[in-house]
1. Among the candidates 181, 147, which residue alone is surrounded by fewer than 17 Cβ atoms within 10 Å (Cβ to Cβ), within 27 Å of residue 114 (Cα to Cα), in contact with a strand residue (DSSP E or B) (Cβ under 9 Å, 6 or more places away or on another chain) and not assigned by TED's automatic domain parsing to the domain that holds residue 111?
2. Within region 148-173, which residues are under 22 Å from residue 192 (Cα atoms) and outside any helix (DSSP H, G or I)?
3. Before we move on, is residue 214 in a helix (DSSP H, G or I), within 25 Å of residue 163 (Cα to Cα) and under 23 Å from the mean Cα position of the chain (by Cα)?
4. Consider residue 141 against the criteria (1) surrounded by fewer than 19 Cβ atoms within 10 Å (Cβ to Cβ); (2) in contact with a strand residue (DSSP E or B) (Cβ under 8 Å, 6 or more places away or on another chain); (3) in contact (Cβ under 8 Å) with a residue 60 or more places away in the chain: it satisfies all of them except one. Which criterion is unmet?
5. Looking only at region 68-96, count every residue that is touching a helix residue (DSSP H, G or I) at 6+ places or on another chain (Cβ under 7 Å), part of a loop (DSSP other than H, G, I, E, B) and more than 30 Å from residue 177 (Cβ to Cβ) and tell me the total.
6. Check off (1) out of contact with any strand residue (DSSP E or B) (no Cβ under 7 Å at 6 or more places or on another chain); (2) on the phi < 0 side of the Ramachandran plot for residue 96 and give me the number that stays unchecked.
7. Could you check, for region 101-110, whether at least one of its residues is modelled with pLDDT of 90 or more and assigned to a loop (DSSP other than H, G, I, E, B)?
8. Can you confirm whether residue 131 is outside the structural domain of residue 73 (by TED's automatic domain parsing), in contact with a helix residue (DSSP H, G or I) (Cβ under 6 Å, 6 or more places away or on another chain), part of a helix (DSSP H, G or I) and closer than 23 Å to residue 241 by Cβ?
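The values are calculated or read from the model by the stated rules, or taken from the named source; none is laboratory data. If you're wondering where the values come from, they're calculated on a predicted model, not measured in any experiment. So basically every Cβ, Gly included, is an ideal-geometry build from the backbone, and we count neighbours across all protein chains shown.
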């Protein structure tokens with residue numbers, strides 16, 4: 001297991017060598033979850049089923065612990081750690097490496113996270129897809145505008161909802177969709193506090209590859225009335241995506 005370091009200036013704890021940062025009050029709980037998952041993963045690895053997938057001594061030191069730590073950080077179950085271990089093994093196999101290392105685990109985690117986000121985009125509601133379309137179109141039409149606030153996004157959404165021929169959401173419901181896309185990792189949400197004069201508000205930007213978002217939208221019926229081909233061409237002209 002990695003060392004746990006306490007940063008007294010920020011009252012947070014983190015694992016050395018990783019980007020995990022947690023409030024100190026929950027670090028003990030996460031450690032317990034990690035140990036529990038690591039124990040289950042270790043027993044599964046020694047089972048007959050896994051003897052067929054992995055040769056003995058094929059895992060570098062720390063691999064099981066890292067898979068467990070990532071799983072504890074996210075859903076907190078052994079199934080996720082197991083999926084991560086298997087994907088890491090596939091990475092090592094494709095690269096003809098003799099053993100599965102922590103770098104394979106990190107690459108596998110990136111791939112699984114990418115697949116999860118792409119699936120999340122596909123499974124959005126029709127309004128969620130339209131909100132995504134708004135952010136994508138504003139990203140392409142005004143690439144210098146790194147972050148957008150709710151109001152211009154909502155105005156653009158309302159106009160596109162009319163074009164698509166559907167009922168538009170109210171302001172609160174639209175805000176909830178922005179929050180959902182942020183929670184899923186599709187959008188990045190930045191909280192701004194301008195004090196008494198400006199108040200507290202959020203800024204948003206696309207947090208997935210533009211190509212992946214466009215591919216998702218092009219396969220959806222909700223956007224058939226919107227000009228995605230022109231949007232893709234504009235993105236190509238501006239160098240925001242690569243030519244297929």
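1. 147
2. 148, 149
3. On the way: in a helix (DSSP H, G or I): yes; within 25 Å of residue 163 (Cα to Cα): yes; under 23 Å from the mean Cα position of the chain (by Cα): yes.
In short, yes.
4. (2)
5. 0
6. Tallying (1) out of contact with any strand residue (DSSP E or B) (no Cβ under 7 Å at 6 or more places or on another chain); (2) on the phi < 0 side of the Ramachandran plot, residue 96 fails exactly one: (2).
7. yes
8. Details: outside the structural domain of residue 73 (by TED's automatic domain parsing): yes; in contact with a helix residue (DSSP H, G or I) (Cβ under 6 Å, 6 or more places away or on another chain): yes; part of a helix (DSSP H, G or I): yes; closer than 23 Å to residue 241 by Cβ: yes.
Yes: the conditions hold for residue 131.
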